[in-house]
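Contents: one structure, followed by commentary.
The values are calculated or read from the model by the stated rules, or taken from the named source; none is laboratory data. In this text, all values refer to a predicted model and were calculated from it rather than measured experimentally. In this analysis, Cβ positions are derived from the backbone assuming ideal geometry, glycine residues included, and neighbour counts consider all displayed protein chains.
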Amino acid sequence: MEKIYNGIWKLRWGQPEKISPLTLTKIHPSQEALDNLHCLGNPPISISDIEIKETTRGLKIELPLKEGEQIYGFGLQLHRLNHTGRKKVIRVNSDPIADTGDSHAPVPFYVSSAGYGVYVDTARYATFYCGTNLSKGASEHQKNKQKSVGTSEIELYGYQKAEGDRSMVVDIPATKGIDIYFFEGPDMKGVVQRYNLFSGGGTIPPAWGLGVWYRAYSAAQNEDVMRLAENFRNDSMPVDVFGFEPGWQTRAYSCSFLWDDNRFPNHEEMLENLFNMNYRVNLWEHVFVHPSSPMYEELIPYSGDYEVWEGLVPDFALKEAREIFAKHHLQYFIEKGVSGFKLDECDSSDFVHSNWSFPDIAQFPSGLDGEQMHNMLGVLYQSTLLEVFKKENKRTLSQVRASGALASSYPFVLYSDLYNHKVFIRGVVNSGFSGLLWSPEVRHAETAEDLIRRIETVVFSPHALLNCWRIPNPPWMQVDQDKNKRGEFFDDFERVRELCQSLFQTRMSLIPYLYASFANYKYTGVPPFRALVMDYPNDPNTYDIDDAYMMGDSMLVAPIVSGETERNVYLPEGRWWDFWTDTLYEGGQSYIFKPELGKIPVFIKDQSILPLAAPLENVKDDSIFDITVKVYGENPKDFFLFEDDGTSFNYEEGLYNWVRLSWNSDRKGGVERKGDYAGRRYQFSNWESK
């Protein structure tokens, strides 16, 4: 057991595989920030309590689980928050249809309520048994225990909660050695901070990336795009990013990575018009390269031995493949002003009719096999394109369908082709344990109410995105696909549009607060969106709350799904202010709330300072946010806004300010700037105290 950073320990057993997330991911641990975190300085698990054995399958690892420990993490788990007593397979898959561990972003990292974390550095389909099994003989004391025969399935199958001391058993196939990393706390938030800082810290998106995104109809042509773009501006509908779906390319499955001149005959002129209206542009693509692509011939020697959708699968573990792919994107897109990409379908699929991706037995020139590449493709894809933006000194916020371990520094937000709203909310809650960002994007709605409920969630999420790829007209006009295409709109579409506009404006008002939360993510490792149990680990009432979450340090968000007019919200210890009404509530108890449509339950922690901006229609490079500072409580903690140019990586060279907002005993507000950024992005027009 070797201490490698403050609070981080490494155990090597045998000879690990040369290929692993740590060897393939270019991380730069934030050592100074790690040194600033408090810890006891002892390994959270004693080496004498760890058992590792080589088996005919690979490796078996057994780690202790004490009675009462609750287990969280394992990446983007959409079907469960608390994994205690469950089996999780770390396998990437686009359709996680059950609580098996399959995920768009599985991560072999778990966090215990006992205040430690464990990361197993493997790209294999590792299986974690979270206290599900006892070793032979452990139940001998039960031999005289009487058991009645029941009539329900639970009684018949003898299901019982995991009681007493158990074990975390890890099964890793096809390997003869492993590196295991242990993260001290002292609490769960401290564990996650340490893991994120080990991964290089969180990401700071460009300021415009925190605005509202709209992805257009997949069959849209030049004139359709411009009609939408102009209408948004004419209606004062806040939209920052305009996304193009597959139809922009000459070939999409697999991809040509070339504009379709028939549908977009003057695409550069169209892009220039969008830029002049202050839109950023995001382009859909996936990794599979069609023979008609200019990259195809060059990539042949640097691709896997199986095609997908008649296209090559580049081996991004190789420098040559990354450079070819990056060069094309730079020349054809980024130099033309494109701000980011939607990296679709890099997550493979086993469970749908259009089964895609390469087999696990595939081989790649770098030495990766198909199993390893499945689990690593999303991360390698992100890093390949991020390198281009870094070299151009342009920040991006982009989308991706697959990610994995050690990815907290990547400015990519996960999304899914699934549609269940409750599942999407759970994704926001869970993603914070593993250095991931998740969008509960609005891509489907049954009714106008359903649309508003989904938008309510997405504006209080990492990525405020409406994916309207199935409909030519905005969803506030009509959510039914066939009627939307025929131009048959809601009778009250103006009311629906006003509700959407109001929610978008709420999102725009939160950008300075969110931007500061992401900067905190970068420099301290605290995820901007996280489960309540991470902030309140000693409160058993938070252990299983998977439908409410913290947004930054001060806001608690509790979304509502369509068909529900009320919901129960548990407010942890302390006092909480209703974001909409300023009503004060005592924590440590639950309440029933019946908010009107367009205003989900959102609460501000007492003794907080909340900066709210006058809503902009879009974030320009030179935008200045006009801030109203809201003060909650008599002695609030200082709040620190992050101030820089909002678009470049110059902050990595120290060109940024921390803007300290304070409230003194004379009930007066103070603003203090410290840093080397010469510009000003914030002005303060009003202070309001509660």
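Rundown of residues vs (1) closer than 30 Å to E449 by Cα; (2) in contact (Cβ under 8 Å) with a residue 60 or more places away in the chain; (3) aromatic (F, W, Y), yes/no style:
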position	(1), (2), (3)
I604	yes, no, no
A613	yes, yes, no
L616	yes, yes, no
D621	no, no, no
P636	no, no, no
F639	no, yes, yes
S648	no, yes, no
G654	no, no, no
R680	no, no, no
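Check whether at least one residue in the stretch 54-74 is outside any strand (DSSP E or B), touching an Asp or Glu at 6+ places or on another chain (Cβ under 6 Å), in contact (Cβ under 8 Å) with a residue 40 or more places away in the chain and among the charged types (D, E, K, R), and report yes or no. Outline the logic, then answer.
Kept after step one, since they are outside any strand (DSSP E or B), are these residues of the stretch 54-74: 55-57, 66-70.
Subset that is touching an Asp or Glu at 6+ places or on another chain (Cβ under 6 Å): 66-67.
Then drop every residue that is not in contact (Cβ under 8 Å) with a residue 40 or more places away in the chain, which leaves 66-67.
Retained after the next criterion (residues that are among the charged types (D, E, K, R)): 66-67.
For the stretch 54-74, residues outside any strand (DSSP E or B), touching an Asp or Glu at 6+ places or on another chain (Cβ under 6 Å), in contact (Cβ under 8 Å) with a residue 40 or more places away in the chain and among the charged types (D, E, K, R): present.
Do you know which residues across the stretch 169-182 are under 17 Å from R57 (Cβ atoms) and of a type in the set (A, V, I, L, M)? Can you show your working first?
Step one: filter the stretch 169-182 for residues under 17 Å from R57 (Cβ atoms), giving 169-178.
Result: V169, V170, I172, A174, I178.
What do you reckon, is G563 of a type in the set (G, A, S) and part of a strand (DSSP E or B)?
Numbers: of a type in the set (G, A, S): yes; part of a strand (DSSP E or B): no.
Criteria not met by G563.
Go through the stretch 661-674 and report how many residues are part of a strand (DSSP E or B) and either touching a Leu at 6+ places or on another chain (Cβ under 8 Å) or free of Cβ contacts under 8 Å to residues at least 12 places away in the same chain (or both). Working first, answer last.
Applying the first criterion (part of a strand (DSSP E or B)) to the stretch 661-674 yields 661-663, 669-674.
From what's left, either touching a Leu at 6+ places or on another chain (Cβ under 8 Å) or free of Cβ contacts under 8 Å to residues at least 12 places away in the same chain (or both): 661, 669-671.
Residues flagged as part of a strand (DSSP E or B) and either touching a Leu at 6+ places or on another chain (Cβ under 8 Å) or free of Cβ contacts under 8 Å to residues at least 12 places away in the same chain (or both) within the stretch 661-674 amount to 4.
How many residues are crowded, with 16+ Cβ neighbours inside 10 Å, closer than 30 Å to D578 by Cβ and charged (D, E, K, R) when one looks only at the stretch 627-661?
So the count comes out to 2.
Would you check which residues across the stretch 108-132 are part of a strand (DSSP E or B) and within 15 Å of L81 (Cβ to Cβ) and list them? Lay out the reasoning, then the answer.
Start the filter on the stretch 108-132 by keeping residues that are part of a strand (DSSP E or B), which leaves 108-112, 116-120, 127-130.
Scanning the stretch 108-132 gives Y110, V111, S112, C130.
Looking for something farther than 22 Å from H28 by Cβ, in contact (Cβ under 8 Å) with a residue 24 or more places away in the chain and part of a helix (DSSP H, G or I) - is there at least one such residue anywhere in the stretch 458-479?
Checking the stretch 458-479: at least one residue is farther than 22 Å from H28 by Cβ, in contact (Cβ under 8 Å) with a residue 24 or more places away in the chain and part of a helix (DSSP H, G or I).
Which one is surrounded by the fewest Cβ atoms within 10 Å (Cβ to Cβ) among residues in the stretch 60-103 that are over 22 Å from the mean Cα position of the chain (by Cα) and closer than 18 Å to D179 by Cβ?
It comes out as K60.
Output the residue which, of all residues in the stretch 365-418 that are assigned to a helix (DSSP H, G or I) and aromatic (F, W, Y), is surrounded by the fewest Cβ atoms within 10 Å (Cβ to Cβ). Give the derivation first.
Taking the stretch 365-418 as the starting set, the residues that turn out to be assigned to a helix (DSSP H, G or I) are 370-391.
Next cut, aromatic (F, W, Y) only: 381, 389.
Working: Y381: 26, F389: 22.
This residue is F389.
This table checks each residue for (1) within 28 Å of D315 (Cα to Cα); (2) within 29 Å of the chain's Cα centre (by Cα); (3) modelled with pLDDT of 95 or more.
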site	(1), (2), (3)
M1	no, no, no
G14	yes, no, yes
E17	yes, yes, yes
S20	yes, yes, yes
S30	no, yes, yes
I47	no, no, yes
T55	no, no, yes
G58	yes, no, yes
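Scan the stretch 35-53 for residues that are within 17 Å of M188 (Cβ to Cβ), touching a strand residue (DSSP E or B) at 6+ places or on another chain (Cβ under 8 Å) and either free of Cβ contacts under 8 Å to residues at least 24 places away in the same chain or surrounded by 17 or more Cβ atoms within 10 Å (Cβ to Cβ) (or both) and report the count.
As a first pass, look at the stretch 35-53 and keep what is within 17 Å of M188 (Cβ to Cβ): 37-40, 44-45.
Next, only the ones that are touching a strand residue (DSSP E or B) at 6+ places or on another chain (Cβ under 8 Å) stay: 39-40, 44-45.
The next check asks that each one be either free of Cβ contacts under 8 Å to residues at least 24 places away in the same chain or surrounded by 17 or more Cβ atoms within 10 Å (Cβ to Cβ) (or both); those that pass are 39, 44-45.
Qualifying residue count for the region: 3.
Within the stretch 463-470, can one find any residue that is surrounded by fewer than 22 Cβ atoms within 10 Å (Cβ to Cβ), out of contact with any strand residue (DSSP E or B) (no Cβ under 9 Å at 6 or more places or on another chain) and over 25 Å from F74 (Cα atoms)?
yes
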